[in-house]
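The values are calculated or read from the model by the stated rules, or taken from the named source; none is laboratory data. Bear in mind the structure is a predicted one, so any value in this text is a computation, not a measurement. A quick note on method: Cβ atoms are made from the backbone with ideal geometry, for glycine too, and the neighbour counts reach across all protein chains shown. Accessible surface areas use protein heavy atoms only, side chains included; no ligands, DNA or RNA. Shrake-Rupley method; radii C 1.70, N 1.55, O 1.52, S 1.80 Å.
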Amino acid sequence: MDYIGRKWSLILVCVPYIISSLLTILADPGNIELLYLSKICAGIGGGMSTVAMVYVSEICHENFRPAILCLNSVFISCGILLTTILNLYLDWRSLSYCFLALVLISGLVLICFAPESPHWLINMDRTANVNKRMAKAEKSLKFLNRNPEIFEKEWRVLCQVRTRYDETRNKKALWRQILTTRECYKPLILLVILFTLQQFTGVYPVIFYAMQLFKEVGTEIDESHALVFLGIIRFGMSVVTTVLARGFGRKQLLIVSAAGLGVSSILLSSNLLMKSTFTNCAIQSNEYLVTPNESMRLDHSTWHNEMQVPPSAFNTSYTYQMASNMSTHEYNSSEHDAPHRLKRHRQNWNVPRSKSCVDHSSLSSDWLSLLFILLYVFFSAVGVIVIPWTMISELLPSYARGVCSGLMISYGYVCMFFMVKAFPFAIHSSVIGTFNVFGLVSFTLVGFVYFYLPETKGKTFVEIEKYFS
């Protein structure tokens, strides 16, 4: 984006998306390799789409920049919601036709009419000398700001942030500036910490594994319609965040969002702990306690192999269901090929269940868990999912915005990959412990944002750079 410009980079982003859609359309359902290649191309396009945030931040007035940057999350949520709705009526190949048409219209038609970023033209356009770059930047800025007074103000700001051509032409000089100047390395450090805390709040794994979580808390809900419902929540809250971004600062929204995540996580883990106490099930270990006339412990693999009980990554709701069935069903050795040591206990295998235990588990616990998961998704969309990505293009100086934004997006995706892959193992080890960690990280994020993260609402790029320098 620094070498060919923001506009041409936006057009270039469409190429891997178009290839991905074409490969999906042409792929045979049995040819899984071609589908993998299609998804790789889509992933490349997703990584390249970083340029959209940089472009939007550079063409917006500082009063409108927070809200317009939040539109990125609105459009992502809208795309996810649109996909889940179309999935109810169309097959996957027809969906690919829809996506191909959308990319062709938005990428190759609408972007062609968009102006180039004035910040890039005045700072990094290698195709022209200084005077021509100034003239191009002035023309682009006039196109974006038709009001003469606003144009004059924006032009003065643009001239203030203009860097010398020779300073960004050499790669070594650019990296030396990134690593040695306070206005660059300080926001980079803040962004690394912000993204680390954002990812370890668990917002993305919880959303990606939401359907499994719904099933494990004991709710009977159709998967396709549940995905639409989740999409509506995310889309609605993204719109609300965009509206709030103009009236409230980044710090306020992030603090409210992170605090809500922390409370939701602690409430969910507390509810699961209460449920495990009432059902006399050890959720936090891989053992199940059977309490007949004499007690014995069976590990997870024993239940699966010897009693034909399907394993569960989330031990909560299934354990209660198993205990409930055992309390009313006498183990029949003729139905199950269990070893002799289990047959000795086949009679009176009853888990003591008080009336309060039944009432709590059947009437409130599962639905409370579902409510806390929905609250978790709700608060995540208020700020923690949205704002860190938008602050990349606000905190970094113009001469390093292209390179450093790519680095930060890459770091964010690596952290996301790690969390999404580790989440099933963490849940299998301890549901309660996992959400307690999420809650602790969320409250840590509240403190970090309050004490260290600067407010960018209503500030120009010059003011933000002066703050760090």
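Before moving on, here are some points about what is shown:
- In Å², nearest 10: area of ASP28 left accessible to a 1.4 Å probe: 90
- Taken along the Cα-to-beta-carbon direction at a fixed 7 Å, the label points for VAL240 and THR196 span 3.1 nm.
- Ranked by the mean number of other Cβ atoms within 10 Å of their residues, highest first, the peptides 239-252, 99-112 come out as 239-252, 99-112.
- Packing-based ranking of 253-260, 135-142 yields 253-260, 135-142, ordered from highest to lowest mean Cβ neighbour count within 10 Å.
- Point-to-point label distance, LEU371-ILE232, nm (Cα→Cβ direction, 7 Å offset): 1.9
- Extension gain, PHE113-LEU82: 0.36 nm per intervening residue step, less the Cα-Cα distance, totals 8.6 nm.
- Between LYS153 and SER224, the C-beta separation translates, for a Förster distance of 60 Å, into a calculated FRET efficiency of about 0.75.
- Inter-part distance where region 386-437 and region 53-95 are each reduced to a Cα centre, Å: 19
- Our estimate of slack between ARG182 and ILE44, defined as 0.36 nm per intervening residue step minus the Cα-Cα distance, is 46.5 nm.
- Segment PHE64-VAL420, extension gain: residue separation times 0.36 nm, minus the distance between their alpha carbons: 124.8 nm
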